[in-house]
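All of the numbers you see were taken from the coordinates with simple rules; none came from a lab. All figures in this text were calculated on a predicted structure; none of them were measured in a lab. As a convention, Cβ positions derive from the backbone with ideal geometry for all residues, glycine included, and neighbour counts pool all protein chains shown.
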Amino acid sequence: MSNAVRTFRQALTIARRDFVATVFTPVFLLFLLAPVLLGSFSAIGGIGAASVADSRADKSRIVAILPDTTARTMAAADTRLRTAFRRDDEAPPVLVTQRPDRDPAAQARAAFASDAFEASAVLYGPLDRPQVLYGPRGGRAADYLALLAAETIAADRLGGAAPRIAATKTPTERPRGSAGNRRQSASFAVFGVFLLNLFLASQVVGTMAEERNNKVIEVLAAAVPLESVFLGKLLGMFGVAVLFVVFWGTIISRLGMLLPPEVASSLAIQAAVGMPAFVALFLVYFTMAYLLLGSAFLVVGAQASTPREIQMLALPISIVQMGMLALALAGTSRPDSWVATAAQLFPLSSPFAMAGRAATSPEWWPHVAAIAWQLLWVTIFITLGARLFRRGVLQSGSAKPFWKRRTG
């Protein structure tokens, strides 16, 4: 039996041990249902924020100070223009018209002090040279009032009403999706791989320190090579991650079947390599990202000797992951730039960037090269972690982490 086969079999034995020890516990159910808890808290916070925003939006108004005859024409133009907004939250505030008094400028300023409504913008003066006052975050409402003034003048010159047309609108889809849809799918791929690894890969940091403290790791290292221990622990936690993804992927796919056709079509993913290949590459790059980040985190976690040190590592790990996300997204938005090339070559950001590339480029050879490149770095990280752990811990039971040994 070759050394590689023996190492892999030993790693599978350790992986099976870690997988069973993790999954067959009551705490794992909390881990599995963690998205429900996070979603519940997010929904509660969103409902509270939406209620505050709605109460403010209900009183928000745009005000036009003009004679009654012109006010009717402007109201008709306002009704016509609002059909262009898809949702109520996109539309400007409700229009209120007032008759001008002796001093329209003072009347406009007084509108902002009204208790009956909250004025976002107020228009007064002749419509060909209107004056528009607006408050904080009222610039968009001011632009809309200026547009209303122009539409009102045009309608007056046409006899009081703009002509109505009946357009025939036919929905049409591009055969392979638009460039915008592919970029949106690329962002989805990057965020999907990132979120899964943010939630799952960070769990491996504490595994080495935990077993190092209770001396289990020394027993394992006496029986099998440390490379097998590192690889086995990585595969065991990856099995837990796969179980998590399969569980929630099944639920989300079933819920997606209940969506209305219009919503489902708007959320459809457009990939340059085709949908089956895109799904396969997404899973491959999730695996590569998990193995890369997980092996790197194992190296770091192996140097921690106390729970306090593990907690101190949480922030740098999160910063590294956010940095990889930012680099991959920057490369996705500019696929032909040096930033995209750097994101695809740097080992920790390569899976994110290449997952996005699968949505925007139909070429296959970069994916084959990227997967081989990422596997090389997984091997390097596992080998490096085993050597650091062997030199720092097994030679002396309570040796300091390498950063303390160098400075101390």
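Length gain on complete extension for the stretch Leu375 to Arg99, per 0.36 nm per residue less the alpha carbon to alpha carbon distance?
My answer for the length gained is 92.0 nm.
Efficiency by 1/(1 + (r/R0)^6): what FRET value for Leu345 and Ala113, r their Cβ-Cβ distance, R0 = 56 Å, to the nearest 0.05?
0.40
Which value in nm describes the separation of the simple spin-label points at Leu158 and Phe8, placed 7 Å from the Cα toward the beta carbon?
Each label point lies 7 Å from its Cα, and together they span 7.3 nm.
Can you give the FRET efficiency for Val20 and Ala150, using 1/(1 + (r/R0)^6), R0 = 60 Å, r = Cβ-Cβ distance, to the nearest 0.05?
0.25
In what order do Thr97, Thr170 fall by count of nearby beta-carbon atoms within 10 Å, going from fewest to most?
Thr170, Thr97
Got a sec? How would Lys233, Lys59 order by Cβ neighbour count within 10 Å, fewest to most?
Ascending number of Cβ neighbours within 10 Å: Lys59, Lys233.
Could you work out how far apart the two model spin labels at Ser187 and Leu384 are, taking each label as a point 7 Å from the Cα in the direction of the beta carbon, and quote it in nm?
Simple spin-label model gives 3.3 nm for this pair.
Go through region 231-241 residue by residue and turn each phi into a ³J(HN,Hα) via Karplus (6.51, -1.76, 1.60, θ = phi - 60°); whole Hz please, and just put x for glycine and proline.
Per residue, the Karplus-derived 3J(HN,Hα) values read 5, x, 5, 5, 5, x, 5, 5, x, 4, 5 Hz.
Sort Arg61, Arg129, Arg109 so the one with the fewest other Cβ atoms within 10 Å of its own Cβ comes first.
Ascending number of Cβ neighbours within 10 Å: Arg129, Arg109, Arg61.
Please pull out the direction-averaged projected area of region 60-157, using the convex hull of its alpha-carbon atoms, in nm² to one decimal place.
Orientation-averaged projected area of the Cα hull: 6.0 nm².
For labels at Ala106 and Leu30 in the simple 7 Å Cα→Cβ model, what's the distance in nm?
In this crude spin-label approximation the distance works out to 6.7 nm.
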